[in-house]
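Chemist: Got a structure for you, questions after.
The values are calculated or read from the model by the stated rules, or taken from the named source; none is laboratory data. Note that the structure is a prediction, hence the values are computed from the model and not measured. Counting neighbours? That spans all protein chains shown, and the Cβs are built from the backbone with ideal geometry, glycine included.
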Amino acid sequence: MEKKKILERFLFPSVKVDQNDLSKAISGKIVLITGASYGIGECVASGLASAGGTLILVARTEDKLLALKKELEQRGAVVHTFSADLRKEEELGALFEYLQRYSLEKVDILISNAGKSIHRLVYDSLDRFHDFKRTMALNYEAPVQMMLKLIPALEEKKGQIINISAINVLLAPASGWAAYQASKTAFDQWFRCVSPELKARGIACSSLYFPLVRTRMMAPTAAYNDMPAMQPGQAAQIIFRAIINRSRIYSPWWVFPAQVCSVLFRRPWEYLMAANLKKKSDAKGH
Ligand SMILES: NC(=O)c1ccc[n+]([C@@H]2O[C@H](COP(=O)([O-])OP(=O)(O)OC[C@H]3O[C@@H](n4cnc5c(N)ncnc54)[C@H](OP(=O)(O)O)[C@@H]3O)[C@@H](O)[C@H]2O)c1
């Protein structure tokens with residue numbers, strides 16, 4: 001077996017949930033998944049199709065959502081799709097109107113998964129303030145707005161909110177990731193601040209911190225091609241386990257030691273990053 005595959009098995013041990021447990025947890029419930037057209041969200045929708053709930057799939061790419069709906073309905077699922085750019089308040093508003101019109105506003109499980117990542121150094125971003133606005137709008141403002149609207153129904157249903165986050169927010173910041181990391185961290189903090197209040201009212205709150213997952217999101221970063229990564233199907237199984245157990249948190253087993261190192265070795269890490277960037281910019285003659 002090639003070395004990368006062995007490393008992936010070690011870093012991301014596989015999780016497989018029992019389909020009966022998943023059906024028990026989902027049956028008769030309304031599950032809203034944002035970012036359901038590709039990647040992790042698409043895998044989650046596909047895995048939930050035979051579990052017996054009603055799925056509401058949200059993303060921008062309408063034809064992709066409609067094709068997925070057709071496929072899942074052929075497997076017996078009840079599926080609604082709504083195409084919206086969640087960065088736009090008016091489109092979020094239209095989504096809530098749609099949910100009310102079809103009596104779908106009483107959501108039991110919200111899987112807040114839509115996200116955008118950008119990897120760009122700040123010196124390449126001096127005329128790109130829009131990068132920071134767009135990541136904030138999708139990774140922070142959209143889930144906040146969505147939750148403010150859905151919290152009353154989630155309380156009534158004693159439901160669950162699952163935030164799809166990234167291990168980056170738990171570890172030392174890395175250069176080039178300012179837009180993504182700041183926006184994911186902002187929402188993680190918001191969600192962790194409100195979680196005790198929500199739990200007190202019976203809403204389960206799950207923060208899932210994923211490592212690199214092999215989806216189109218990582219495709220633009222060439223350096224990631226050779227790095228070990230989780231498969232989207234594995235990420236979906238972890239989400240299903242969180243639904244079954246209403247678990248509070250997931251992160252890979254090695255994240256805790258990495259967090260400790262992030263604190264202990266903060267200065268050398270910052271020094272090494274700066275030295276490496278200086279070497280690269282000297283080589284370019286800047
Ligand atoms: N891949 C990784 O390495 C990784 C690691 C840790 C955490 N995560 C997190 O996992 C989540 C899913 O990412 P993924 O890897 O599955 O990426 P992906 O394949 O690019 O999927 C992202 C999803 O978000 C939707 N989306 C993007 N912009 C949107 C917008 N403005 N409005 C509505 N929907 C939008 C996309 O659909 P449309 O383009 O059709 O709108 C797509 O369905 C993200 O929150 C990401 O931060 C990913």
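Chemist: Checking the structure you have, find out if any residue of the stretch 81-88 is farther than 13 Å from residue 58 by Cβ, among the polar types (S, T, N, Q) and either assigned to a loop (DSSP other than H, G, I, E, B) or assigned by TED's automatic domain parsing to the domain that holds residue 185 (or both).
Modeler: Here is the first cut: in the stretch 81-88, the ones farther than 13 Å from residue 58 by Cβ are none.
No, every residue in the stretch 81-88 fails to be farther than 13 Å from residue 58 by Cβ, among the polar types (S, T, N, Q) and either assigned to a loop (DSSP other than H, G, I, E, B) or assigned by TED's automatic domain parsing to the domain that holds residue 185 (or both).
Chemist: For the stretch 100-146, give me each residue that is buried (at least 17 other Cβ atoms within 10 Å of the Cβ), part of a helix (DSSP H, G or I) and either over 22 Å from the mean Cα position of the chain (by Cα) or of a type in the set (Gly, Ala, Ser) (or both).
Modeler: The answer is 137, 142.
Chemist: Let me ask something additional. Are there any helices (runs of 4 or more DSSP H) wholly within the stretch 207-286 with 1 or more residues that are in contact (Cβ under 8 Å) with a residue 60 or more places away in the chain and of a type in the set (Phe, Trp, Tyr), and if so which?
Modeler: Working: elements: 232-245, 255-264, 266-283.
The qualifying helices (runs of 4 or more DSSP H) are 232-245, 266-283.
Chemist: Go over the candidates 6, 26, 40 one by one and state the one that is hydrophobic (A, V, I, L, M, F, W, C), in contact with a Ser or Thr (Cβ under 9 Å, 6 or more places away or on another chain) and either in contact (Cβ under 8 Å) with a residue 24 or more places away in the chain or more than 13 Å from the ligand (Cβ to nearest atom) (or both). Before the answer, list the steps.
Modeler: Working: 6 fails: in contact with a Ser or Thr (Cβ under 9 Å, 6 or more places away or on another chain); 26 fails: in contact with a Ser or Thr (Cβ under 9 Å, 6 or more places away or on another chain).
The conditions single out 40.
Chemist: Being without any contact (Cβ under 8 Å) to a residue 60 or more places away in the chain, within 10 Å of the ligand (Cβ to nearest atom), in the same structural domain as residue 210 (by TED's automatic domain parsing) and closer than 16 Å to residue 36 by Cβ: is that true of residue 139 here? Steps first, please.
Modeler: Values: without any contact (Cβ under 8 Å) to a residue 60 or more places away in the chain: yes; within 10 Å of the ligand (Cβ to nearest atom): yes; in the same structural domain as residue 210 (by TED's automatic domain parsing): yes; closer than 16 Å to residue 36 by Cβ: no.
So residue 139 fails the test.
Chemist: What are the residue pairs meeting all of these: first residue in the stretch 106-125, first residue assigned by TED's automatic domain parsing to the domain that holds residue 61 and farther than 20 Å from residue 138 by Cβ, second residue within 13 Å of the ligand (Cβ to nearest atom) and of a type in the set (A, V, I, L, M), Cβ atoms under 8 Å, and 6 or more apart or on different chains?
Modeler: Pairs that qualify, where the first residue is assigned by TED's automatic domain parsing to the domain that holds residue 61 and farther than 20 Å from residue 138 by Cβ and the partner is within 13 Å of the ligand (Cβ to nearest atom) and of a type in the set (A, V, I, L, M), are 109/32; 109/162.
Chemist: Considering each of 183, 206, 165, 195 in turn, give the residue that is buried (at least 18 other Cβ atoms within 10 Å of the Cβ), assigned by TED's automatic domain parsing to the domain that holds residue 244 and away from the ligand (no atom under 15 Å from the Cβ).
Modeler: Numbers: 183 fails: away from the ligand (no atom under 15 Å from the Cβ); 206 fails: away from the ligand (no atom under 15 Å from the Cβ); 165 fails: away from the ligand (no atom under 15 Å from the Cβ).
Going through 183, 206, 165, 195 in turn, the sole match is 195.
Chemist: Any chance the stretch 61-77 includes a residue that's in the same structural domain as residue 158 (by TED's automatic domain parsing), in contact with a Phe, Trp or Tyr (Cβ under 6 Å, 6 or more places away or on another chain) and either at positive phi or in contact (Cβ under 8 Å) with a residue 24 or more places away in the chain (or both)? Walk me through it before giving the result.
Modeler: Let us first name the residues in the stretch 61-77 that are in the same structural domain as residue 158 (by TED's automatic domain parsing), namely 61-77.
From what is left, the residues that are in contact with a Phe, Trp or Tyr (Cβ under 6 Å, 6 or more places away or on another chain) are none.
The answer is no, given that none of the residues of the stretch 61-77 is in the same structural domain as residue 158 (by TED's automatic domain parsing), in contact with a Phe, Trp or Tyr (Cβ under 6 Å, 6 or more places away or on another chain) and either at positive phi or in contact (Cβ under 8 Å) with a residue 24 or more places away in the chain (or both).
Chemist: I would also like to ask the following. Checking the conditions here, which among 21, 63 is surrounded by fewer than 17 Cβ atoms within 10 Å (Cβ to Cβ), within 16 Å of the ligand (Cβ to nearest atom) and outside any strand (DSSP E or B)? Even if it seems obvious, please write down each step before you answer.
Modeler: Working: 21 fails: within 16 Å of the ligand (Cβ to nearest atom).
The match here is 63.
Chemist: What about residue 47, is it more than 12 Å from the ligand (Cβ to nearest atom), in contact (Cβ under 8 Å) with a residue 40 or more places away in the chain and surrounded by 14 or more Cβ atoms within 10 Å (Cβ to Cβ)? Break it down into steps so the answer makes sense when it comes.
Modeler: Numbers: more than 12 Å from the ligand (Cβ to nearest atom): yes; in contact (Cβ under 8 Å) with a residue 40 or more places away in the chain: yes; surrounded by 14 or more Cβ atoms within 10 Å (Cβ to Cβ): yes.
Criteria met by residue 47.
Chemist: Has the stretch 149-161 got at least one residue that is within 13 Å of the ligand (Cβ to nearest atom) and either assigned by TED's automatic domain parsing to the domain that holds residue 41 or free of Cβ contacts under 8 Å to residues at least 12 places away in the same chain (or both)? Let's see the steps before the verdict.
Modeler: Going through the stretch 149-161, the residues within 13 Å of the ligand (Cβ to nearest atom) turn out to be none.
No, that holds for no residue.
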